[in-house]
Amino acid sequence: MGYFLKAFESKKRHNEIKEKIIRFFLIAAASVSILTTFGVLFSILFEAIEFFQMRSFWYFITGTEWSPGVADSKFGALPIFSGTFIITFIAMCVALPIGLGSAIFMSEYATPSTRNKLKPLLEILAGIPTVVYGFFAAITVAPAIVNFFSLLGIHASFNSALASGIVMGIMIIPIISSLSDDVIQAVPDSQRKASLALGMTMSETIIHIIVPSALPGIISATLLGLSKALGETMIVVMAAGLRPNLSWNILEDMTTVTVRIVDSLVGDHEFNSPDTLSAFALGLILFFVTLLLNIVSLALIRKFKEKYKINTL
Amino acid sequence: MNNIIEPTSEKHQSSQVVNNNPFYDPTLIKRHNKAKRFKFFTIASIAFAIGFLVFFLADMVVKGLPAFQQTYVQVNVTYNEKTIASPRKAIDKKYRRIVSRAWLRNIPKLVEVSPELINTTRKTWVLANHQIDQYMKGHYYKIKDKQLKLIQQMEQQANIKLKFNSLFFTHGDSKIPENSGILSATIGSILTLIVTMLTAFPLGVMTAVYLEEFAEDNRWTQLIEVNINNLAAIPSILFGLLGLAVFINLLGMPRSSPLVGGLTLALMTLPIIIVSSRAALRSVPDSIRQAGYGLGLTKVQVVQDHVLPLAFPGIMTGSIIGMAQAMGETAPLIIIGMIAFIPDSPGSIFEAATVMPAQIFTWAGMPERAYVERTAAGIMILLSVLISLNTLAIILRKKLEVKW
């Protein structure tokens with residue numbers, strides 16, 4: 001009997017040690033994600049600090065001339081920020097109404113069977129690699145825009161902000177529609193039925209009851225789409241211009257933060273030159289802006305979840 | 001409908017009532033029209049999204065299909081010492097310009113493989129120049145009048161024709177359009193994805209298991225949770241900066257290699273795998289765990305032998321979707337140099353390589369018209385792989401998922 005007890009004890013101890021080891025490995029694996037975030041932050045931060053030791057931070061934020069690669073190189077990123085802003089704005093003008101409209105159709109009007117057919121199609125749209133969108137923007141959309149405006153007698157660039165903005169907007173449609181769809185579906189049915197019972201039409205119910213209820217979620221989806229648009233690289237690398245251009249004309253070529261990052265790292269400059277390091281300074285700005293958008297977006301969706309006590313979103 | 005009645009009772013009683021419904025709302029028609037317009041707007045937006053998808057796919061197929069065929073010409077080829085020394089001379093001067101330089105360059109190798117060819121002259125189907133190919137496909141071409149006449153003459157004699165383009169699948173990249181293919185990029189993609197899979201899958205599943213099954217609700221756990229959400233939102237290009245600064249500059253891994261590319265993509269895919277694995281683990285009912293503990297199993301045993309196998313289909317689905325996303329990613333790979341010109345297939349994960357989306361990017365930037373169809377064909381192949389991966393994930397989910 002004593003022997004069995006002893007064997008049992010040792011097996012138990014063996015299990016405990018095993019448990020501890022496994023737990024250790026699991027914690028280590030979970031910490032990789034933290035390591036990655038800080039890895040991204042620090043790898044950008046250190047190089048960016050090096051850049052700002054060479055060039056003034058103030059001129060970087062407010063300067064209007066960006067001329068790398070020449071003897072008296074200047075790094076004023078304002079035209080780059082404006083280009084990014086305009087292209088992103090065009091993208092949101094396309095994505096927001098269409099994405100929201102699709103989401104409302106899918107959750108309010110479509111029968112379950114139509115919905116089941118449409119959802120995978122939108123998922124295909126979401127699964128198209130951005131390099132493919134970029135090719136489409138450069139080879140099909142941009143020439144079409146040039147041709148259309150030349151009919152009106154207006155000159156448009158082959159690298160126009162409009163072409164990349166429109167295609168980027170299409171890329172973002174599924175992001176906005178799928179999240180908005182989830183949120184609209186989560187609005188309690190009682191609200192819908194109460195409104196309809198009071199004699200409101202379907203559209204009035206949606207516009208005045210459902211959308212306001214789902215608003216935090218919809219804003220959250222929009223911010224997420226916005227952050228995706230700001231960080232989108234391939235479409236603008238292939239379809240937008242390289243020239244920093246401080247202009248409001250969406251038919252001119254413009255450049256974005258991501259294009260400049262790619263351009264300064266792909267060229268054969270020395271790694272420690274300000275030309276290369278400027279990529280990290282731009283990356284730092286991009287990192288913080290997208291991080292901020294994401295944090296606000298997550299906070300909004302959490303608020304929505306708490307309001308309606310949903311755990312599945 | 002101009003008998004507008006105020007719904008006040010006084011007027012209602014005194015006037016001639018056509019519509020004697022006391023709740024009659026004169027704006028009703030307007031409201032219904034508005035409702036119709038709104039519904040039309042939502043239908044139009046979904047129709048736009050789907051319509052774009054159809055137009056886009058059709059556009060790619062129309063642009064890409066010609067690449068699966070290639071023009072060949074039938075000419076006399078002379079194999080002897082002289083032509084091996086300078087392959088240009090193997091073909092009659094008249095035809096030299098319409099034959100692919102890449103094919104001519106290959107003559108010495110051809111003779112080496114089959115020595116019986118030496119000192120003979122044979123009528124052979126030879127790969128044509130890309131301009132000739134574009135002419136045959138009815139695209140924009142740049143050919144001199146003399147050669148154009150020659151080709152038209154050859155067309156009548158049936159000495160020129162389009163054949164299935166097997167080179168596209170057996171060759172790597174090339175500066176000569178008719179000689180370039182997708183093979184080296186495909187192998188690069190496979191090697192990169194293997195690295196990604198081997199890194200992201202165990203890390204992701206372990207993180208999910210820790211967060212769902214083991215973690216106490218403390219600061220560290222919350223930090224990890226917030227982190228994973230933020231990680232998913234970091235623009236992909238910034239992962240490229242991480243790869244460049246950490247893997248290449250700090251750890252000294254070989255530039256442009258599938259190893260660096262795979263690790264960078266793994267960090268990007270991690271959040272997708274973690275989130276879907278957590279959902280899968282959460283869907284396993286607690287009764288399974290309680291039954292295990294009741295029988296005296298340890299926590300590790302319960303998770304390893306019962307919870308994980310039950311959650312496996314969900315985990316697999318998420319991982320496949322994550323892999324599909326990693327496969328289509330380009331931006332971070334450009335930053336770490338995976339857009340180099342790679343004519344030969346990489347033999348290991350340490351050699352310089354390119355991947356399919358990067359190959360598409362490179363071809364899209366080429367000036368020759370012949371690369372446009374190759375780019376579109378590459379896109380067709382990439383998209384069909386991605387769509388089949390996603391379909392596989394959906395089928396897996398439907399077939400294997402246990403309904404509780």
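The values are calculated or read from the model by the stated rules, or taken from the named source; none is laboratory data. Keep in mind it's a predicted model, so treat the numbers as computed, not measured. Ideal geometry is used to build each Cβ from the backbone, glycine not excepted, and the neighbour counts take in all protein chains shown.
Table for the structure above
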item: Evaluation of A:Gly241 against (1) in a loop (DSSP other than H, G, I, E, B); (2) crowded, with 20+ Cβ neighbours inside 10 Å; (3) in contact with a helix residue (DSSP H, G or I) (Cβ under 6 Å, 6 or more places away or on another chain) (one fails), failing number; result: (3)
item: Number of positions in the range A:174-205 that are touching a Lys or Arg at 6+ places or on another chain (Cβ under 9 Å) and in contact (Cβ under 8 Å) with a residue 12 or more places away in the chain; result: 6
item: Candidate set from the range B:342-395 (those that are within 12 Å of another protein chain (Cβ to nearest Cβ) and hydroxyl-bearing (Ser, Thr, Tyr)); member that is nearest to the chain's Cα centre (by Cα); result: B:Ser384
item: Single condition B:Trp125 does not satisfy, out of (1) assigned to a helix (DSSP H, G or I); (2) surrounded by fewer than 19 Cβ atoms within 10 Å (Cβ to Cβ); (3) at pLDDT 85 or above; result: (1)
item: Qualifying residue in the range B:260-279 (condition: of a type in the set (Gly, Ala, Ser), in contact with a helix residue (DSSP H, G or I) (Cβ under 8 Å, 6 or more places away or on another chain) and not in a helix (DSSP H, G or I)); result: no
item: Only one of B:Leu241, B:Leu223 that is facing another protein chain (nearest Cβ under 7 Å) and touching a residue at least 24 places away in the same chain (Cβ under 8 Å); result: B:Leu241
item: Criterion: over 20 Å from A:Pro112 (Cα atoms), of a type outside the set (Gly, Ala, Ser) and part of a helix (DSSP H, G or I) - qualifying residue of A:Pro216, A:Pro174; result: A:Pro216
item: Number of the exception - B:Pro346 against (1) part of a loop (DSSP other than H, G, I, E, B); (2) surrounded by 24 or more Cβ atoms within 10 Å (Cβ to Cβ); result: (2)
item: In the range B:71-95, the residues that are touching a residue at least 24 places away in the same chain (Cβ under 8 Å) and more than 14 Å from B:Leu110 (Cα to Cα); result: B:Thr71, B:Tyr72, B:Val73, B:Gln74, B:Val75, B:Asn76, B:Ile91, B:Lys94, B:Tyr95
item: Sole exception among (1) within 11 Å of chain A (Cβ to nearest Cβ); (2) buried (at least 23 other Cβ atoms within 10 Å of the Cβ); (3) not charged (D, E, K, R) for B:Ile339, by number; result: (2)
item: Within the range A:260-278, considering residues that are in a helix (DSSP H, G or I) and in contact (Cβ under 8 Å) with a residue 40 or more places away in the chain, the one surrounded by the most Cβ atoms within 10 Å (Cβ to Cβ); result: A:Ser278
item: Some residue of the range B:57-69 being over 32 Å from the mean Cα position of the chain (by Cα) and surrounded by 19 or more Cβ atoms within 10 Å (Cβ to Cβ); result: no
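So that you can scan it fast, the table gives a plain yes or no per residue for (1) more than 16 Å from the chain's Cα centre (by Cα); (2) farther than 22 Å from B:Ile387 by Cβ; (3) more than 9 Å from chain B (Cβ to nearest Cβ):
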position: A:Ile80; (1), (2), (3): yes, yes, yes
position: A:Ile87; (1), (2), (3): no, yes, yes
position: A:Cys93; (1), (2), (3): no, yes, yes
position: A:Ala110; (1), (2), (3): yes, yes, no
position: A:Thr114; (1), (2), (3): yes, no, yes
position: A:Val132; (1), (2), (3): yes, no, no
position: A:Thr140; (1), (2), (3): yes, no, no
position: A:Ile145; (1), (2), (3): yes, yes, yes
position: A:His155; (1), (2), (3): yes, yes, yes
